[in-house]
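The structure appears right after this line, and notes come after that.
Each reported figure results from applying straightforward, stated rules to the coordinates on display, with no laboratory input. Every value quoted in this text rests on a predicted model; they were computed, and no experiment measured them. FYI the Cβ positions are ideal-geometry reconstructions off the backbone, even for glycines, and counts take in every protein chain you see.
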Amino acid sequence: MANDGFSFKVDLKALNVSINKLQGVGTQIEKSIERLAMAAYNQAIAIVRQKLKDSSNQTLFLNHLKFERTQEGGNAVYLIVVEKDAVWLEEGTKGFSLKDTLKGNESRVIPFNHSNKGSGNMSQQQSKLFNEIKVAMKQNNIPIKKPITDNTGKPVLSSATKPRAAAMIKNVESSIKGVASGESVLNRVNIYQTSSKNRSGKDVINKTMLTFRTLTKNSKSPWQIPPRDGIKVLDLVYQWLQSNYERILNESLKNMQINLD
């Protein structure tokens, strides 16, 4: 964030309140300022939901967007904090080649997730790849919505400690080809299933469709990750405060004044 914070002073004399009521005025002003700070935090949450359409990135950011209250020189200070795990979404990232992250002759297996991320959360290319996988699943008699089961009729499940593909499609025709190989980017699609509970407490089966590619220093593909613009939530909240703090505080102080008369 380019600025160091948002601060202001309230002139109690301007309120025209008698001395014996100042203590109560101060308490109510503090409550008004706290409401303003919470309104700014809620505005930050709204901005994140508007800017981040990818559900996983949105969840990550919101989990690391904190509202904190502290003291500084006897005064209450309210902080909206973006924790380090979400800073890359807030500030953005520079473009780089994944090859540069390798050490020596190291190689790395890179997973590509082609699962359905929900309406509005997938790019045109992601939607195209997902639909091509659905066509291949139908051609190979692999259920799309129903669970993939074993010989006993039980869903084939995978876990973090025991990854186990429920199905694998070796050749999937795709309109998108690898830069170096010229092959379909969907060859060897692995379909994993996990179990979770929905809001009603019922078990549901989730499918994850992955392909894997091996990265080495000798890979012909550039493996270039493009730069990513930050969503700049803190800057946008700062601008919102500049435009709205007087109105919000004046409404609170006006209501307070009525109670004191």
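If I model segment 160-261 as equal point scatterers sitting on the Cα atoms and use the Debye formula, what is log10 I(q)/I(0) at q = 0.23 Å⁻¹? Here the Debye-derived log intensity ratios amount to -1.18. Computed FRET efficiency, Cβ-Cβ of residue 250 and residue 101, R0 45 Å: what is it to the nearest 0.05? The value I calculate is 0.30. Over 17 Å, how big is the tail of the calculated P(r) for segment 96-225, in percent of all Cα pairs? Result: 65 percent of Cα pairs exceed 17 Å. Kirkwood radius and radius of gyration were both taken over the C-alpha atoms of segment 35-168, and their ratio Rg/Rh is 1.11. Note on 54, 229: ascending count of other Cβ atoms within 10 Å places them as 229, 54, the fewest first.
Which order do peptides 57-66, 87-96 fall in by mean Cβ count within 10 Å, highest first?
Put in order of decreasing packing, that is 57-66, 87-96.
Converting phi to 3J(HN,Hα) with the Karplus coefficients 6.51, -1.76 and 1.60 and the offset θ = phi - 60°, segment 36-41 yields 5, 4, 5, 5, 5, 5 Hz in sequence order, with x at every glycine or proline. With the simple spin-label model, which puts each label point 7 Å out from Cα in the Cβ direction, the residue 175 to residue 243 separation comes to 3.9 nm.
For residue 77, the residues whose modelled amide H falls within less than 5 Å of its own, excluding neighbours fewer than 5 places apart on the same chain, are 70, 71, 72. On a C-alpha basis, how far is the centre of segment 90-107 from the centre of segment 175-250 in Å? Whole number, if you could? What the calculation gives is 17 Å, centre to centre. If R0 is 25 Å, the Cβ-Cβ spacing of residue 112 and residue 228 corresponds to a FRET efficiency of close to 0.90.
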